[in-house]
Structure formats: structure tokens, C-alpha cells
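These notes concern the structure reproduced below.
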Amino acid sequence: NNSFIPFDLKIEYGLPTYNDKDAIYTYHFYHLLQRAKNVYIIYNTEIDALNGGEKSRFIQQLETENIHKIKHQIVSADIPTYLNRLEVVPKTETVHHKIIQLGQKGFSPSSLTNYIRNPLDFYYDKILGIKANHLVEETVAANTLGTIVHETLEELYTPLIGQLISIKEVQTLKKHINKTVLKHFEIVYKNGDVSTGKNLIIFEVAKRYVLNFLNHEITQLEAGNTIKIIALEDHEEVLISIDGINQTIKIKGMVDRVDEFNGQTRIIDYKTGKVTQDKVRVSSWDLILTDFDKYSKPFQILAYAYMRYKSGKSQFPLKAGIISFKNLSEGFLPFQKRVSHGKYSQEITMDILVAFESQLKQLILEIYNKDIPFTEKEIKALNF
């Protein structure tokens, strides 16, 4: 249909134009009709980007001529309607026995927030043991990137545990970024190729995340702050007793980093995604067990602070928060509790931990309660 010869040149030299094609199509159309007894002509009424969902000009012409017996029908597919019901799984004796075993083995903060998000996901994962599909990765996934950054920072900082770090020491760590990131890519990504394409880009992103973190650390030290590494990827575990449950419950988790910043203990959770300060605030304790999107991160970091304090590893004054690699300019984002309109307290006190413990026990009691089934929640689309 397309031609390099302009329309006016075709007219000048008597070459065929689209008008002639229209005439040829019309000729063939009418000759097909000439001796036919029954003709079925179908057109699509759906409007899309290219077509307006209208009849062809040939159909309109047949209707205008009014010399044929035309029967016009609009036909559509029979689409059944389904009533979407949220799935409910009752807590049978077998299920309750699994919950008891899980309490002995230990609840992690991530598993508890998974229950808050959708109890049915918790049931599939922790009770039935059905894990999410782990497909073979052709490109590095977001969780793989996060693991690599965590492992790299742990290896780089491990020699500095228990001492005040200096600018010179952090500068020295920069020299090892490339080989350390590559090493953990090969371990986590199972020797996958990171030399080309998207994987190369993600490999460079991981290196940049680590480099930016070290530069941020240097900036903090140059400003006169002191930083002492206490622990990295530290396994936490505590036992708690809950009225109404005839067993001690284990809470366990892994803290990415514990340090002392100007003499004050900080419990830090790394996030490779973007986190802002408003996502680490608690306005009302009543919402922490219902609003996953807003309070899942405060729940997790408070759980780490709670375990550190209960085990005697950390004492007051105490802060807990998140370092977001996509929002590193904001630095350490501490947990905040609203004390009045527009005012927030950053320090974690005994009152904070007591209030959190109350919510934690309430959540575990709900999981253990035979009369409360695992009920599916409607999950809102999350923005990443």
C-alpha cells in the first residue's frame, strides 16, 4: 500500500493509485455476491486503537441499495459471572498442631508481617510449607540484588567489628568493592553471567549501592560523628510467655547491623528499595496489626529492638531504623512514635517496647485462636 512515488506523480503519469485499489476491491466484492444464495458478513463492533468499530463501507452500501434481504444481528460471547469469595481455612486439630510446632521453632518478624498482610499466605507458607515459586533467573531479581548487597557489606565490615571505624579504614574498603560484589554475585546467582545486558547493569547498581553507602559513612565521620560496629547479620532469639497459650513462644530474626553512633546504640535494617521517613512512623498502636502497607516496617524494626533488649544485648538509650539504599541521602531513618500533632519521638523507651509487646502477644494469640480461621485478605496493588 505504501509507495515512495508521490500521489501527484502517480496522477501525472497514469499510475494506479489507492482509488484504483478501492475499485478493484469493490469489483471482487460484488462478483462474490453475484451468484451466492446466502452470504455471511462479519464485522467487529469493538473500538480499538486502529479501528472505530464501524461497519465496512461495503456493508453500508448494501444497506443503502436495499436490493437484498438483509438480516442484521449483534452477537456476543456468553461470559459467565463469578462471585469472588475470599477463601477461609478453619483451624483444625492438625492445623493447630502445626501452629504449636511453629511456635516452638520460632516466629520471625517477616512471617508475622506476612500474616498481617494476608493470613492465607501465612497458612500456605508456614503451615502447609508451600513456598513461593523460585524460577530460574535469567536476569537478577530484586531479592537477589538485596542479598548480594547485604552479604557484601557484611564481608567488608566484619574485620571492623568491636572498634571505632575511621575514615581511612572505610576508604580502604572501597578498593575491595568490585571483587567482593562479584564474589557474592557468583555465589548467590549460581555463576550466572553478569558481563552483559541487564545483569551487567544490576551488577553495577549493586556496586554503586555499596560505594554510596561507604561514602555516606565517610561523610558522617568527617562531620565529627563516631561509629562503632557492634554486630553484623546477628541472629536474635527470645522466648516469651503469653497468657492463654500453654507454651513459651520463640521469636527469632536476623539483624543486619548494630552499631553505636556517638555512643547511642542503633539497630539497623538495610532496604534496597526506597523507604521514606513516613513509612517508619507509628501514630496509633491499634493500626500496627491491620495496616500492612503503612506499619510493616515499624513492626519489623521494633521486633529487632525488642529481641535485642530482651536478650540483654542492647540497653537504653536505643534507636532502631532503616537505611534505604534508594534514599541514602536521608541516611538513617529512625523509628518514630507520634507524641502530639506533628511531633514524633525517635528514642525507643521501655514504654514503646511494652506497647509493642502487647501488640505482638495479641497477634500471636490470634494465630493460635482456633475460633479465628485463616481468612484471605483483599490485597491492594503495591507500588515498588
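The values are calculated or read from the model by the stated rules, or taken from the named source; none is laboratory data. If you're wondering where the values come from, they're calculated on a predicted model, not measured in any experiment. Counting neighbours? That spans all protein chains shown, and the Cβs are built from the backbone with ideal geometry, glycine included. Side chains are part of the model used for accessible areas, which takes the heavy atoms of the whole protein and leaves out ligands, DNA and RNA. Shrake-Rupley method; radii C 1.70, N 1.55, O 1.52, S 1.80 Å.
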Inset, instruction - Return the subset of LYS91/LYS361; LYS105/LYS198; LYS175/LYS319; LYS198/LYS326; LYS319/LYS377; LYS98/LYS337 for which the Cα-Cα distance in this structure is over 28 Å, preserving the input order. - result: LYS105/LYS198; LYS175/LYS319; LYS319/LYS377; LYS98/LYS337
Inset, instruction - Could you tell me the accessible area of TYR18 in Å² (1.4 Å probe, neighbours in place), rounded to the nearest ten? - result: 140 Å²
Inset, instruction - Multiply the residue separation of GLN346 and ILE5 by 0.36 nm, subtract the distance between their alpha-carbon atoms, and state the gained length in nm to one decimal. - result: 115.4 nm
Inset, instruction - Return the sequence-ordered ³J(HN,Hα) values of the range 236-241 in whole Hz as given by the Karplus equation 6.51 cos²θ - 1.76 cosθ + 1.60 applied to θ = phi - 60°, using x for Gly and Pro. - result: 10, 7, 9, 10, 10, 10
Legend entry - Of all accessible heavy-atom area on the chain, the percent that carbon and sulfur account for (1.4 Å): 52 percent
Legend entry - Karplus-derived 3J(HN,Hα), 6.51/-1.76/1.60, for each residue of the range 13-21, Hz, glycine and proline x: 9, x, 7, x, 10, 5, 5, 5, 5
Legend entry - Where N is the number of residues in the chain, Cα Rg divided by 2.2 N^0.38 Å: 1.54
Inset, instruction - Per residue of the range 338-349, in order, report the coupling 6.51 cos²θ - 1.76 cosθ + 1.60 (Karplus, θ = phi - 60°) as ³J(HN,Hα) in whole Hz, putting x for Gly and Pro. - result: 5, 9, 7, 4, x, 10, 10, 9, 9, 6, 8, 10
Inset, instruction - With a Förster radius of 22 Å, plug the Cβ-Cβ distance of SER329 and PHE261 into 1/(1 + (r/R0)^6) and report the FRET value to the nearest 0.05. - result: 0.80
Legend entry - Neighbour count of at most 11 Cβ within 10 Å plus DSSP loop: longest trypsin sites (Lys or Arg not before Pro)-free window in the chain: 191-379
Inset, instruction - Averaging sequence separations of C-alpha pairs under 8 Å and six or more residues apart, then dividing by the length of the chain, give the relative contact order as a whole percent. - result: 18 percent
Legend entry - GLN101/LYS55 FRET efficiency (R0 41 Å; Cβ-Cβ; nearest 0.05): 0.05
Legend entry - Amide hydrogen neighbours beyond the local backbone of ALA320, cut-off 5 Å, H modeled: ILE267, PHE335, ILE348
